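Enquirer: First, the structure itself, so that you have it in front of you.
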There are 2 protein chains.
Amino acid sequence: MASEVTEPVGRRNVATISRQSLHGEIVTRLRDMIIEGDLQPGERIYENQLGEELGVSRTPLREALKFLASEGLVELVPSRGAVVKRFSAKDVEDMLIVLRSMEMLAGRIACVAASDEAIGQIRLLHDAMVKHYEAGERLEYYKLNQQIHTGIVALANNAPLAEVHGLLQSRVKRIRFIGHEGAERWAGAVAEHERIIAALEARDAETLARELDTHLANGWERVKSVV
Amino acid sequence: MASEVTEPVGRRNVATISRQSLHGEIVTRLRDMIIEGDLQPGERIYENQLGEELGVSRTPLREALKFLASEGLVELVPSRGAVVKRFSAKDVEDMLIVLRSMEMLAGRIACVAASDEAIGQIRLLHDAMVKHYEAGERLEYYKLNQQIHTGIVALANNAPLAEVHGLLQSRVKRIRFIGHEGAERWAGAVAEHERIIAALEARDAETLARELDTHLANGWERVKSVV
DNA sequence: TGCAAGCATTTTGTATACAGTATAAAAAAT
DNA sequence: ATTTTTTATACTGTATACAAAATGCTTGCA
């Protein structure tokens, strides 16, 4: 993750220069496959089969699996290869606790350190997200939702913070997506987001932290039924 | 035939009796080499040379390097292999900010969730640490210092938190060790630790958080001259 | 002397081959 | 029929081989 060239989520991957290493290509691909559920939790990964499917030999595939193992998306069982990691309810709750703490930290820093332009960008994302919400476009809404959270963390201008946040976020991505169903929950989340953005624009660190706190605590409530 | 790897002597973890996989062995070994400075920041890693040095072929070595790249200890440059990652002063400061936040979070949780026995264990570590301090045994002192911080995080019983904490801690390990020189700084750190343990024993979450806050902020002051 | 082009060497990236191990199925024994 | 042992097979772990890319050096020329 750290030294991986991560491309912005939601961009066309065709547009990126084809110069990315095969290793990186496979890592990105597998990560998406896990997040999107093509590879299900608990599923064993057969290197030959998957390699053939992706059109690569076992060597770079294995290297990619080691990389993802360090990210925590797969588990390496000695002499039995890689298994897609399955997270317990407590795991997810714990991750959300940490994510919450990290976003609160980022928010506080952002209130004093971020530029007006950067905050303005978040507002734009939020407005676009609301449009997708009103249009009932759940996938697009969700992607922007993620981008907003990532964006707030990015405002803190703290690379390690952004990195570990991204690490945990990728793990709960799928579960969160599934959990965001239900109209009234959805509406609640949007309202919370509005308050978050407002606090950010006002650079009111304590209010922002409080809003993020409740938003992410509610996030767990929204999600916990599906884990 | 599986290569006859000469066992790394000295720091064998007795708890893990079963022989680790070669992959895990190499990862551990390389991580230690980086933390201990055998592989210096910015240094390029030549796979053939290092592999021969460790008595393994390139394949598992490369897999280990990918793993460490994901941990952020090495950087993968396309077509030019792995380089030991060099951290800027801002990187280190940022990491300590995140570590501080995570330890504060852990401390708050620990005050309500940890058992008396577990807290007692931390006290024992602290007392032992003080003994090493008084004896001037810097390395031993430092190791226990680390263990205490890790231990406090462990009290929170939150695996993802412990994981990301450990991830960042391993990155600043070497720098911190170097930075802990100087008698008066050392004394200050010990005094802060004493207050931390006291707050923990009293299960006074706010005091504990405040003490951890200042302790780790001071930690940066102690360290920033050497980065 | 300075510079550039081409060749040689080194190093990484990927594929394949081989050995060891676990799993499953079949055969044998009770 | 059930349990145990044997055997076959599939898969992972590691090493080696080969291809592509980068680096460095030599040589030729102005």
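Enquirer: Scan segment A:40-52 for residues that are within 10 Å of DNA strand D (Cβ to nearest atom) and over 20 Å from residue A:174 (Cβ atoms) and report the count. Write out each step before concluding.
Expert: Residues of segment A:40-52 that are within 10 Å of DNA strand D (Cβ to nearest atom), as a first pass: A:44-51.
Still in the list and also over 20 Å from residue A:174 (Cβ atoms): A:46-49, A:51.
Of the residues in that region, 5 qualify.
Enquirer: Could you tell me whether segment A:149-166 includes any residue that is more than 24 Å from residue B:70 (Cβ to Cβ) and surrounded by fewer than 19 Cβ atoms within 10 Å (Cβ to Cβ)? Full working, then the answer.
Expert: Step one: list which residues in segment A:149-166 are more than 24 Å from residue B:70 (Cβ to Cβ), which gives A:152, A:155.
Add one more test, that the residue is surrounded by fewer than 19 Cβ atoms within 10 Å (Cβ to Cβ), and what stays is none.
No, because not a single residue in segment A:149-166 is more than 24 Å from residue B:70 (Cβ to Cβ) and surrounded by fewer than 19 Cβ atoms within 10 Å (Cβ to Cβ).
Enquirer: Looking only at residues in segment B:190-227 that are outside any loop (DSSP other than H, G, I, E, B) and acidic (Asp, Glu), which one is farthest from residue B:89 (Cα to Cα)?
Expert: B:201
Enquirer: Identify all residues within segment B:147-159 that are part of a helix (DSSP H, G or I) and under 12 Å from residue B:103 (Cα atoms); write none if there are none.
Expert: If the condition is that a residue be part of a helix (DSSP H, G or I) and under 12 Å from residue B:103 (Cα atoms), then B:148, B:149, B:150, B:151, B:152, B:153, B:154, B:155 are the ones that fit.
Enquirer: Being of a type in the set (Val, Ile, Thr) and more than 10 Å from chain B (Cβ to nearest Cβ) is the filter here; which residues of segment A:83-116 pass it? Lay out the reasoning, then the answer.
Expert: Here is the first cut: in segment A:83-116, the residues of a type in the set (Val, Ile, Thr) are A:83-84, A:92, A:97-98, A:109, A:112.
If the condition is that a residue be of a type in the set (Val, Ile, Thr) and more than 10 Å from chain B (Cβ to nearest Cβ), then A:83, A:84, A:112 are the ones that fit.
Enquirer: Name every residue in segment B:53-82 that is at the interface with chain A (Cβ under 9 Å from one of its Cβ atoms), within 12 Å of DNA strand D (Cβ to nearest atom) and surrounded by fewer than 24 Cβ atoms within 10 Å (Cβ to Cβ), in order of residue number.
Expert: B:59, B:62, B:63, B:77, B:78, B:79
Enquirer: Let me ask another. So if I check each of B:112, B:98, B:83, which one is among the β-branched types (Val, Ile, Thr) and touching a strand residue (DSSP E or B) at 6+ places or on another chain (Cβ under 8 Å)?
Expert: B:83
Enquirer: Select from segment A:148-182 the residues that are of a type in the set (D, E, K, R) and under 21 Å from residue A:28 (Cα atoms) and write down the one among them that is modelled with the lowest pLDDT.
Expert: A:176
Enquirer: For segment A:126-146, which positions are outside any helix (DSSP H, G or I) and within 19 Å of the chain's Cα centre (by Cα)?
Expert: Listed by number, the list holds a single entry, A:137.
The values are calculated or read from the model by the stated rules, or taken from the named source; none is laboratory data. Because the structure is predicted, anything quoted here is derived from the model rather than measured. Note that each Cβ is placed from the backbone with ideal geometry, even for glycine, and that neighbours are counted across all protein chains shown.
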